[in-house]
Structure formats: C-alpha cells, structure tokens
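Down below is the structure, laid out as structure tokens.
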Amino acid sequence: MCQRMKQFLAPAFKRVEQRASASTFIDGVLSRAERKTGWMLAEEAGLDRPYRLQSLLGRSSWSADALCDRVRR
C-alpha cells in the first residue's frame, strides 16, 4: 500500500530526485523511529546527513497545493 501511495503522489514532484526524497521522507515519517527529526529520518534511511530531506521541504520547487489536490481526490 505504501508503494501505491508513493506512486499516486509522485506526479506532484517534477524531478526524479524530488520523488526519491519524498519517498524517503514518507518512509521515515511512517517508521517506528521515536523522534522524527531531519537527522533521525536521514539516519533511518541510511543517509549520512539530512540535507536531501531538508532540501525537499525547504528549497525544492514543488507545489504543496498540487500535492493536496491529489490527496483530496
């Protein structure tokens, strides 16, 4: 089910890298990690640093409105 949800949300992200980061972020948020900080999510995903996830949330160009529209359907 999680994979289908990621595929459903993928069109909201223009670049392949954004889709990959969004997938990693979703996995982290849905994980059993006690704390969901950027560092913790990155470590859970096997990343050295949280910058890729932070970039997705702070600097990447994607439309939160488009994502919400997809979820509302």
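Report, in deg cm²/dmol and to the nearest 500, the calculated mean residue ellipticity at 222 nm for the chain, where each DSSP H run with n ≥ 4 adds -39500 (n - 2.57) and the sum is divided by the residue count. Mean residue ellipticity, 222 nm, calculated: -18000 deg cm²/dmol. Considering the chain at the alpha-carbon level, its Rg and Dmax are found to be 12.1, 36 Å. Of the trypsin sites (Lys or Arg not before Pro) found in segment 7-40, those that fall in a DSSP loop while having at most 10 other beta-carbon atoms within 10 Å are Arg32, Arg35. When +1 charges are put on Lys and Arg Cβ atoms and -1 charges on Asp and Glu Cβ atoms, the dipole computed for the chain relative to its Cα centre reaches about 280 debye.
Every read-out reported here was derived from the displayed coordinates using simple, explicitly stated rules and does not represent laboratory data. In this text, all values refer to a predicted model and were calculated from it rather than measured experimentally. Glycine also receives a Cβ, built like all others from the backbone with ideal geometry; neighbour counts cover every protein chain displayed.
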